[in-house]
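Let me begin by presenting the structure, written as structure tokens, before commenting on it.
The values are calculated or read from the model by the stated rules, or taken from the named source; none is laboratory data. Worth saying up front: this structure is predicted, and the values here are computed from it rather than measured. Cβ coordinates were reconstructed from backbone atoms using ideal geometry, including for glycine residues, and neighbour counts include every protein chain displayed. Only protein heavy atoms, including side chains, enter the accessible area calculation; ligands, DNA and RNA are left aside. Shrake-Rupley method; radii C 1.70, N 1.55, O 1.52, S 1.80 Å.
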Amino acid sequence: MSSRIHQVTVATLFSLSTLPLVAAEPNKSEDTELQEIVVTATRQQTNLQDTPIAITAVTSEELAKRSIVNVADLGAIIPNAAFRQAQGAYGKGVTAYIRNIGQGDTNLASEPGVAYYIDDVYYPLLFGSNFDLLDLDQVEVVRGPQGTLFGRNALAGAVSLVSKAPDPAASSAYAEVTAGSFDRQQIRGGINLPLGDTAALRVSAVSKRRVGYQDRLDFRCEMIRRGTPQLAGNFPFAEGNLINTGNFTPDNCVIGHLGGEDVHAARAQLLWKVTPKLSLTFGGDWLEDESESAADSLVAVNAAAVTSHPSAVAAAATFTAPGGPTFAYDQRFLTGDPYTTYATYGDPVSAGAVIPVTTGTPFYDGSVTHGGFRYRPYAPVKNWGVSSRAVYEVTDDIALTAVFGYRKVDTLFSFDVDGSPLALENTRNNTGEDYKSGEVRLAGKTGPVDWVGGVFFYRGDGHVHTTLVSPFLGLQRYQNHSYSPKSDAAFVNLTWHPLDRLGVTLGGRLSDDKNVVHYSNLQDEVPANNVIFDVTPKDNRFDWKAGLDYKLLTDTMVYASAATGFRLPSFNSRPYQPSQITQIPGDEILNYELGSKSEFLDKRLRLNATAFFTDYKTRPASIGGQEYQNGASGPIAGNSVTIPLVNGPPGSTTCRLRTTAEVNAGTPGFTCVSRTYYYNEPGRVRGLEAEVEALPVTHLSITGSFGYSTFDSHDINLPTRVNKRLLGVPQWNASGGVQYELPVAELGGSIVPRIDWLYTGSIAYQTGSTSLNQSAYSVFNARITYNNNSHDIDVSLGATNVFNKFYYQNIFDLQPFGYPQTNGQPSRPREWFVSIRKNF
């Protein structure tokens, strides 16, 4: 199916490139001064430099020059932002944080901390949020709480994707082809067609393919290749064609890949200027993503943590060869190369197998639902939506805008939790939501006051269907949840200019949010552990903002503001048994901000800087622990099997493993399950950020940014944290880019070399230890482009991660939950590409 879509896309784009067009989109611009950028963060069009909000606005041309191709890449150039592809356990989404506030879990029970908008239409999910930046005009990232104007889940800020609008004035088109490392094949293009003097249609499409950068290896084949076949025991080949028969030795043991790409998308917009005062825009987009699951590697294995579990016993009983070493989950599954894995996304033990154990209840007990499965290591996403926008100019200074959108998202993904050829745990998850949202607002200018007011609504229907197979825990879970989120709001924002240089901003938003949830977790053959409940997290909120801005000079503004923000309450979305049903309070913050925006040297130098202080009134935090499985209790050799959780909140526990002596003595084991403990950890986030753009001499352009933020907890009831930092986000990030356009008359155009530096500070992943902290790293991207002026063709040769820097995009430590390993998502290695673009 995807191959056919790829062929159709290629044919369509080729056809577009042959259409006769009367005019071309401008491709070059003079660099005598910095480009003026118009933003819509105040729900009105304003100059970026006149808007007293911390905003990064980047045009599509700048994104392309910096090799930014999707939302997950954006965080590299945004101060105090951390956008990354989600770890494999969370499917196809983006972990989005701004100023240390956000969300990494894509589960529908958890509300994002960063609000997404696509052409003014709200997008409420982290699932499917790694949008391709297709035919965009620009991206606007607003930092700090935007509870008054953007509302729902804009606790940390908002990301607004603004598409290129249809243009009735001129026909235009473009086509672009890119090829590169890992068999990269990318084709994109678009066309703008005027339909008379008052209407236009704009259509764009993209098709992207790339082989995964991590190899999945056949474990038995690899052990034979390495000369250690005894470590494979009786474990079978995963791929029959790799069987070593004595007269055949495979060249390699690769059976598949992770981290690949297979995406097809299209977008269309129709603009109709019904009258000089009324314009209508209708839009639709479609995306089909058949990409592989995210790359995932074993970082560390604690073999002692599995010796008494059913899966370890099953492995020893089933796959240990006579007279050979015991076959168990241990260091043999560390490949030694983060770009390889032995993960099979399946269970090698056949369905219906019976494997007795000396103590406890065996998982492999003859049930046909235990064992014998294999999931596809892919994370498909289907995402489509339609929208409409009407703008009516009531007067020259007042406009009424109405926006409506409908979207349907459906995702399916697998995750091999243990990253090995065994099956400590595998999950299969289908998550989706269809929703509608809309906003009506009236904006204008009355004397010295700029104002906007409006109403917003959102209705959704979501579902989560999950199968979790865990021989390690001795259980199989079937989850079926429904979610019906609802939001209504009214807002107003005023900016009064009592003096020419002075602005006073006041804003407020009244919100009514709730999420009606039916939760069903059925646990295989353990009815007492079934978890079924209904819950409706809800909140009525009034958020406000107050600010002052003052023009010190014509091109220098300073501003100060205070604003509140919130996130809807939630609940424990992964309870293993009824004792773990827990409500989680919502976030609540008060943010203070002081900033400046300046231009110097006849608009050749732009410098914007911000200092902020966020007072976290309520901040739900979590830590992984363990408790008895229902019905299991009692001592081991006179000692309780649960002990206090180090650095956990009062009452939290973890399980004590049997000692070797206890195992040898036949001391009975126990059944223990993981549990997440939630607690309130209020605190303060402080930070600085700055952005600079410069045109120091003709043809030379420089961009730069940096962000710093730190978190201080003031919860005196929580034991001292070893890692006194927020998890999953860097304290520092920075970027810099240099580009020079060298005119070459002999070539009929110019040569434009560019290099970009992207810096990410160290990241903590555990509260109780610094051993898994990701060290700071720098990544460099480079490209050189030949612009042909007469034919309007650009040819680029480039590379991302030029110096092949290795780091982990995410680290997922499962040991606090009782699992024996830590996983990591390896970074993409160096990749080369060549791209050809033609404008018509």
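Kindly indicate whether any position in segment 496-510 is charged (D, E, K, R), open to solvent by less than 30 Å² (accessible area, probe 1.4 Å) and either within 27 Å of Asn153 (Cα to Cα) or in a loop (DSSP other than H, G, I, E, B) (or both). Yes, that holds for at least one residue. Which of the residues belonging to segment 537-586 are open to solvent by less than 40 Å² (accessible area, probe 1.4 Å), closer than 20 Å to Leu510 by Cβ and in a strand (DSSP E or B)? Result: Arg541, Asp543, Lys545, Ala546, Gly547, Ser561, Ala562, Ala563, Thr564, Gly565, Phe566. If we scan segment 383-406, do we find a residue that is closer than 30 Å to Pro236 by Cβ and open to solvent by 60 Å² or more (accessible area, probe 1.4 Å)? The answer is no, given that none of the residues of segment 383-406 is closer than 30 Å to Pro236 by Cβ and open to solvent by 60 Å² or more (accessible area, probe 1.4 Å). Highlighted here are the strands (runs of 3 or more DSSP E) found entirely within segment 361-476 that include at least 3 residues which are modelled with pLDDT under 90 and either within 30 Å of Leu231 (Cα to Cα) or aliphatic (A, V, I, L, M) (or both): 449-470.
Considering only segment 321-342, I want to know if a residue exists there that is among the acidic types (Asp, Glu) and part of a strand (DSSP E or B). No - not one qualifying residue is present in segment 321-342. Annotation note: of Glu425, Glu439, Glu433, the sole residue that is under 25 Å from Tyr392 (Cβ atoms) and touching a residue at least 60 places away in the same chain (Cβ under 8 Å) is Glu439. Just give me the residues in segment 789-801 being open to solvent by 20 Å² or more (accessible area, probe 1.4 Å) and in a strand (DSSP E or B), in sequence order. Residues satisfying the conditions are Ile793, Asp794, Val795, Leu797, Thr800. Residue selection: Ala268 satisfies the criterion of being more than 30 Å from Arg830 (Cβ to Cβ) and in contact with a strand residue (DSSP E or B) (Cβ under 8 Å, 6 or more places away or on another chain).
The criterion of being aliphatic (A, V, I, L, M), open to solvent by 10 Å² or more (accessible area, probe 1.4 Å) and either modelled with pLDDT under 85 or within 24 Å of Pro585 (Cβ to Cβ) (or both) does not hold for Ala109. Of the residues making up segment 440-465, those that are open to solvent by 20 Å² or more (accessible area, probe 1.4 Å) and within 30 Å of Tyr519 (Cβ to Cβ) are Phe457, Arg459, Asp461, His463, His465. If the condition is being out of contact with any Phe, Trp or Tyr (no Cβ under 8 Å at 6 or more places or on another chain) and surrounded by fewer than 17 Cβ atoms within 10 Å (Cβ to Cβ), then segment 196-205 contributes Gly196, Asp197.
Filtered by the rule that a residue be part of a loop (DSSP other than H, G, I, E, B) and more than 25 Å from the chain's Cα centre (by Cα), segment 148-182 gives Ala165, Pro166, Asp167, Pro168, Ala169, Ala170, Ser171. Within segment 474-491, identify whether any single residue is in contact (Cβ under 8 Å) with a residue 12 or more places away in the chain, under 30 Å from Pro448 (Cβ atoms) and either surrounded by 21 or more Cβ atoms within 10 Å (Cβ to Cβ) or not hydrophobic (A, V, I, L, M, F, W, C) (or both), and answer yes or no. Yes: segment 474-491 contains one or more residues that are in contact (Cβ under 8 Å) with a residue 12 or more places away in the chain, under 30 Å from Pro448 (Cβ atoms) and either surrounded by 21 or more Cβ atoms within 10 Å (Cβ to Cβ) or not hydrophobic (A, V, I, L, M, F, W, C) (or both). The residues on offer are Ser129, Ser181, and the sole one that is among the hydroxyl-bearing types (Ser, Thr, Tyr), in contact with a Pro (Cβ under 9 Å, 6 or more places away or on another chain) and modelled with pLDDT of 95 or more is Ser181. Among the residues examined, Phe613 qualifies as out of contact with any Leu (no Cβ under 8 Å at 6 or more places or on another chain) and modelled with pLDDT of 85 or more. Kindly check whether there is at least one residue in segment 746-760 that is within 30 Å of Phe817 (Cα to Cα) and either surrounded by 14 or more Cβ atoms within 10 Å (Cβ to Cβ) or in contact with an Asp or Glu (Cβ under 8 Å, 6 or more places away or on another chain) (or both). Yes, segment 746-760 contains at least one residue that is within 30 Å of Phe817 (Cα to Cα) and either surrounded by 14 or more Cβ atoms within 10 Å (Cβ to Cβ) or in contact with an Asp or Glu (Cβ under 8 Å, 6 or more places away or on another chain) (or both). Go through segment 616-648 and give me each residue that's modelled with pLDDT under 85, closer than 30 Å to Asn572 by Cβ and assigned to a loop (DSSP other than H, G, I, E, B). Across segment 616-648, the qualifying residues are Gln629, Asn630, Gly631, Ala632, Ser633, Gly634, Val641, Leu645, Val646, Asn647, Gly648.
The residues listed here are Arg209, Arg220; of these, the one that is part of a strand (DSSP E or B), out of contact with any Cys (no Cβ under 6 Å at 6 or more places or on another chain) and open to solvent by 50 Å² or more (accessible area, probe 1.4 Å) is Arg209. Do the conditions hold for Pro820, that is, is it in contact with a helix residue (DSSP H, G or I) (Cβ under 6 Å, 6 or more places away or on another chain) and open to solvent by less than 30 Å² (accessible area, probe 1.4 Å)? Taking the combined requirement at face value, the residue satisfies it. Looking at Ala57, Ala96, Ala115, just one residue is assigned to a strand (DSSP E or B), modelled with pLDDT of 85 or more and within 21 Å of Ile755 (Cα to Cα), and that residue is Ala57.
Would you please name the residue that is modelled with the lowest pLDDT, looking only at residues in segment 802-817 that are surrounded by 16 or more Cβ atoms within 10 Å (Cβ to Cβ) and in a loop (DSSP other than H, G, I, E, B)? Looking at the filtered set, the residue picked out is Leu814. Can you tell me which residues in segment 587-614 are of a type outside the set (A, V, I, L, M) and open to solvent by 30 Å² or more (accessible area, probe 1.4 Å)? Glu588, Tyr592, Ser596, Phe600, Asp602, Lys603, Arg604, Phe613 - these are the residues of segment 587-614 that are of a type outside the set (A, V, I, L, M) and open to solvent by 30 Å² or more (accessible area, probe 1.4 Å). Only one of the numbered conditions (1) at positive phi; (2) open to solvent by 10 Å² or more (accessible area, probe 1.4 Å) is violated by Asp410, and that is (1).
Kindly indicate whether any position in segment 670-684 is surrounded by fewer than 16 Cβ atoms within 10 Å (Cβ to Cβ), over 31 Å from the mean Cα position of the chain (by Cα) and at pLDDT below 95. The answer is no; no qualifying residue exists. When residues in segment 504-553 are screened for being of a type in the set (Val, Ile, Thr) and under 30 Å from Thr51 (Cα atoms), 2 of them pass.
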